[in-house]
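Trainee: Sending over a structure as structure tokens; questions will come in a sec.
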């Protein structure tokens, strides 16, 4: 099965760590219900003032739909400077390096 990886990265002023987990629990549960989502890793870099995530979707279409939805949601939160990149996943090489696909 082909997968599509999406990487989001954007300016973020906090909260961080456990406080972020407490503040973003409802959002995480909402994201977990996204059509075609295989998994997400939440990313944060407090020193750089950036946050985001790495997502894997079952199809390019699911990845594109989510990218559009999440970009709009972030914009509604007042977040600008959003980087959203999409990549095809090479499943054969990823299996060798133990990717959880």
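Trainee: Would you call residue 101 in contact with a helix residue (DSSP H, G or I) (Cβ under 7 Å, 6 or more places away or on another chain) and either farther than 24 Å from residue 12 by Cα or assigned to a helix (DSSP H, G or I) (or both)?
Mentor: Details: in contact with a helix residue (DSSP H, G or I) (Cβ under 7 Å, 6 or more places away or on another chain): yes; either farther than 24 Å from residue 12 by Cα or assigned to a helix (DSSP H, G or I) (or both): yes.
So residue 101 passes the test.
Trainee: Something else: Could you tell me whether any residue of region 75-87 is in contact with a strand residue (DSSP E or B) (Cβ under 7 Å, 6 or more places away or on another chain), under 14 Å from residue 3 (Cβ atoms) and either in contact (Cβ under 8 Å) with a residue 12 or more places away in the chain or surrounded by 12 or more Cβ atoms within 10 Å (Cβ to Cβ) (or both)?
Mentor: yes
Trainee: Residue 41 fails exactly one of the following numbered conditions: (1) free of Cβ contacts under 8 Å to residues at least 24 places away in the same chain; (2) out of contact with any helix residue (DSSP H, G or I) (no Cβ under 9 Å at 6 or more places or on another chain); (3) farther than 25 Å from residue 99 by Cβ. What is the number of that condition?
Mentor: (3)
Trainee: Taking region 88-98 only, how many residues are surrounded by 12 or more Cβ atoms within 10 Å (Cβ to Cβ) and touching a residue at least 12 places away in the same chain (Cβ under 8 Å)?
Mentor: Summing the residues that are surrounded by 12 or more Cβ atoms within 10 Å (Cβ to Cβ) and touching a residue at least 12 places away in the same chain (Cβ under 8 Å) in region 88-98 gives 2.
Values quoted throughout were computed directly from the atomic coordinates according to the rules given, and no laboratory measurement underlies them. Small disclaimer: the values here were computed from a predicted structure and weren't measured. FYI the Cβ positions are ideal-geometry reconstructions off the backbone, even for glycines, and counts take in every protein chain you see.
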